[in-house]
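Have a look at the structure below before the remarks.
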Amino acid sequence: MQKETKTFDFTTLKENGIGHYIRMNREARGYSQLDICDGICSIPMLSLIEKGEKTADYWMAEALLERMKIKKSECEFVLDDATCNIQMHREAIVTQIQGKEYREAEENLTLYQEKYGGDKFHDQFLFFQKASLERARPKPDNGRKKELFLKALTITAPGYKEIIYNKGVMSNLELECIAEIIHCIEDLEERASEYKNLYEYFQWNCKREGFFPPAYRIAMQYNAECLYESGKPEECIQACNMILEELRGTSKVTNRVPIFLLRAKAREAKGLKTEEEKRDCMKDYLTVYTVISFYDGEKETEALKKYIEEEYGWQFTD
């Protein structure tokens, strides 16, 4: 049965009932008002929104829904022209970063800041996307990346360490920021310890909400990389297996490529003592080769092709 799409016009909040929708989902999911509004708005403000006595603009409503892990696809937002233009501007920035159009993304971020900077939700978007742009660069500046992700995070979750420790509610954006901040820690033991704490939080979160948020995959990939760098290949392989199991429910095959590649390297670091272990390692490399060659072209895979042929005796046919 197809899920009914709910439509809300934020210009007439009192009539369309977005406050009722927020309250209904909050209570159904067992959240307190503080759980979903801490760092976003005050409890009295949320109470008025839920009663339909106060308006919430699109960005605040989005943040409240995000805190409850409600995806945008579950709601159809009817936007006024001004809000629609801002959303289109945001989407253009995200697309440019994903497409590695660094100069264009920088110019668009500057323009966005000039137009909308100063509002907490717009500032959070700016810091997060600036950090994402730095992350996307061939040689990112980890210090700058950490600083920007921290700025984005502390706008709505200044006490994020206590929230993680006390198992409080956090949005996927906030959790992704935390994963990235930990990833920038230079000391491997400290980084591994932080990821262990974050993993425990994700386990609690999954038991409560019935699923892992997307930030889980990012954090666990970074954790697997940390285990590999720390000389723990067996634990790295186990972490990769867990991530790949979680990724089975996603449609983006390219998401799996870094995990297969990391698992192949960890298998080699562990030692290929049997033909089966050698075969499993080669299968991981071949999976990476197949996906990359399909999406990025043969040119991007020449080095990997040569490595597979030399190390594993696999002969590619044209």
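The values are calculated or read from the model by the stated rules, or taken from the named source; none is laboratory data. Everything quoted here is computed from the prediction, not taken from an experiment. Here the Cβ positions follow ideal geometry from the backbone for every residue, glycine too, while neighbour counts run over all protein chains shown. With ligands, DNA and RNA removed, areas are computed over all heavy atoms of the protein, side chains included. Shrake-Rupley method; radii C 1.70, N 1.55, O 1.52, S 1.80 Å.
Among the criteria (1) farther than 23 Å from P213 by Cα; (2) open to solvent by 60 Å² or more (accessible area, probe 1.4 Å); (3) modelled with pLDDT of 95 or more, the one A82 does not fulfil is (3). If you go through the stretch 157-188 and keep only what is touching a helix residue (DSSP H, G or I) at 6+ places or on another chain (Cβ under 9 Å) and closer than 14 Å to I40 by Cα, you end up with A157, Y160, V169, M170, S171, L173, E174. Of all residues in the stretch 236-252, none are at pLDDT 95 or above, open to solvent by 20 Å² or more (accessible area, probe 1.4 Å), under 26 Å from R67 (Cα atoms) and aliphatic (A, V, I, L, M). For the stretch 98-121, the criterion of a residue being modelled with pLDDT of 95 or more, within 30 Å of G30 (Cβ to Cβ) and within 19 Å of the chain's Cα centre (by Cα) is satisfied by at least one position. I need every pair where a residue in the stretch 56-74 that is modelled with pLDDT under 90 has its Cβ under 8 Å from the Cβ of a residue that is of a type in the set (K, R), sequence separation at least 6 or different chains. Within 8 Å, the pairs are E74/K3; E74/K6. Applying the criterion of at least 2 residues that are open to solvent by 40 Å² or more (accessible area, probe 1.4 Å), in contact (Cβ under 8 Å) with a residue 24 or more places away in the chain and in contact with a Leu (Cβ under 9 Å, 6 or more places away or on another chain) to the helices (runs of 4 or more DSSP H) found wholly in the stretch 130-232 leaves 215-229. From the list K51, K100, K71, the one residue that fits, being on the phi > 0 side of the Ramachandran plot and of a type in the set (K, R), is K100. Does R90 count as basic (K, R), within 19 Å of F121 (Cβ to Cβ) and surrounded by fewer than 20 Cβ atoms within 10 Å (Cβ to Cβ)? Here the answer is yes, as R90 does meet what is asked.
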